[in-house]
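See below for the structure under consideration.
The values are calculated or read from the model by the stated rules, or taken from the named source; none is laboratory data. As the structure is a prediction and not an experimental result, all values here were calculated from the model. When the accessible area is computed, the model is the full protein with side chains, heavy atoms only, and any ligands, DNA or RNA have been set aside. Shrake-Rupley method; radii C 1.70, N 1.55, O 1.52, S 1.80 Å.
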Amino acid sequence: MASDRCSRIRRRAPWLVAVPVLLAAASGAGTEAVPAASPIFGVTIPAGYRDWPLVAPALEGEPLNELRAVLGNETALRAYRAGTLPFPDGMILVKLAWRHVPSPEFEPATIPGAATTVQVMVKDAARYPETGGWGFGRFVDGKPVDAAQHQTCFACHAARVSERDFVFTRYAR
């Protein structure tokens, strides 16, 4: 019944059909930016990740000279707290990195300088069987780096931390 009414309205006043579309476009509805995905893995920066709990901080020496903070979603925190290995599907880790610089207010302190990267690891064994169940994303200024850089992710993790399900970060209690 309702579809018959809609058909009659469209025949009599076709311009009415366009009104909701025009209103949505004018309001910006439906124009949300789609997050950029990493090549090879299709990993994106997760929405709301800056509100996730801290898994661990780290200080990287030369040549990178970075302060790092690894954040984890709830699945990650549960797994770390329980000592679960291998890590479960659905786990996401996000590493934030900044150059470290001396504090202008307190000389012995080091503080974050310019942001360098956001790196993401997503555990999904069905989607990423060739890389130990992990998908990787490395982003600079919110944009994924090239495929060549993403091809190095798993090899580095596999060479150094295969016994810890390919994860470098240890939980800081």
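Points to keep in mind about this one:
- Strands (runs of 3 or more DSSP E) contained entirely in the range 29-127, each with at least 1 residues that are of a type in the set (Ser, Thr, Tyr): 110-123
- Residue that is farthest from MET91 (Cα to Cα), among those in the range 128-173 that are open to solvent by less than 40 Å² (accessible area, probe 1.4 Å) and in a loop (DSSP other than H, G, I, E, B): VAL145
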